[in-house]
1. Any chance you could give the angle, 0 to 90 degrees and rounded to 10, that helix 252-264 forms with the longest Cα principal axis of the chain?
2. Based on DSSP loop calls and a cut-off of at most 14 other Cβ atoms within 10 Å, the longest stretch of the chain free of exposed GluC sites (Glu not before Pro) is what?
3. Count the DSSP beta bridges whose two residues both fall in the chain, then state the antiparallel fraction as a percent rounded to the nearest 5.
4. Of A212, I136, V317, which is farthest towards the positive pole of the chain's charge dipole, taken about the Cα centre with +1 and -1 on the beta-carbons of Lys, Arg and Asp, Glu respectively?
5. Just to confirm a number: summing +1 for Lys and Arg and -1 for Asp and Glu over residues other than A319 whose beta-carbon lies under 10 angstrom from that of A319, what do you get?
6. With angles folded into 0 to 90 degrees, how steeply does helix 10-24 sit against the dominant principal axis of the chain? Use alpha carbons for both and round to 10.
7. Any idea what angle helix 70-80 forms with the longest principal axis of the chain, computed on alpha-carbon atoms, 0 to 90 degrees, nearest 10?
8. If neighbour count is taken as other Cβ atoms inside 10 Å, put F195, F322 in order from fewest to most.
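Throughout, read-outs are computed from the coordinates displayed, never taken from laboratory work. If you're wondering where the values come from, they're calculated on a predicted model, not measured in any experiment. Because the Cβ atoms are built from the backbone with ideal geometry, glycine has one as well, and the counts that use them run over all protein chains shown.
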Amino acid sequence: MQEYFHPCTPAFRQRIFAESVKKSAPPHNARIIVNPAAGRGRARRALQRITASFAAERITGVVTTECAGDEFRLAQQAIADGIETIVAVGGDGTCSRIAAAIVEAGSSCRVGVVPLGTGNDFAKTLGVLGRSFSEIARLCAGTGIARMDVGVADGIHFLNGCGFGIDPEILATALSVRWLRGNAVYIAAALTKLFSYRGFSVRSETSRSDAAVKMMLTVSNGRNLGGAFKIAPVASVCDGMLDVHIFEDASAAGRLRIFLATMRGRHTSLPEVSHETHSSLELTFDSPPAMEVDGELRQARGARVLVECLPGALSVVAAPGFPL
């Protein structure tokens, strides 16, 4: 029920004054970058409701991507225009490319997110997953600034993490799954590859990793991977470190046990899994590896891959309680 104020009361006059100030104030120096294809069209279908929610907070500048990867160019233009807050409407890939443009420019521009992707791991980190468009709009219209670390793998910036081994194999399979939505996409893809993947070899002088066959190696900034997996349950995006999890190859039963444990964040106690923290890490593979970087498939430029942390490199719009 709408709250009622009698026109003769001070509360009524205060409300009218507040509304008149809000209407007369200039628009916020913010821009919304929309990936309409995110979430298999969810962003496109929700665009009208999103723009209405943000317009109520005097955020009206909206641009949409025209092709894959276009977010980077649009973010560069926003920075050149002096925009102070960029709101990403889409998934982790959209956020990652916008953040990369900001970090490469050395800009203090903030990043907010309306999560409409598949996994939405970055939104979990910022504490905005599950919040309404209006709530997120109010956060983006505020003046609060938080800073977080950003990772770099083979020159590619990431917010959540990067993975090698079965991880990119799962992602490649997930991209072909059309009959499911959300976390179910990654769960189904993982089960498809779980028992057929043959493993890989990786070595590192800065890690305990040896030449034994591995199932997966992940380097995490945030705690989540693929929406459903709590891959780095104790990671922090504000500690200047990256959390490395090395998964040794295992029997079919062992692989299933690892899979179920990662969904609950309890895999670090298993004998096949080791956990390390590093500010930088050099990995050597038998050949240039495929990589999963913030939910996107990438190919390393060479057999040696440098992964490092850039402490406090990005300003973000986060919910109270950040970092989660």
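1. 20
2. The segment 67-204 is the longest one with no such site.
3. 70
4. Towards the positive end, the residue furthest out is I136.
5. Spelling it out: positives minus negatives among the neighbours equals 0.
6. With both axes taken from Cα atoms, the answer is about 70 degrees.
7. 50
8. F195, F322
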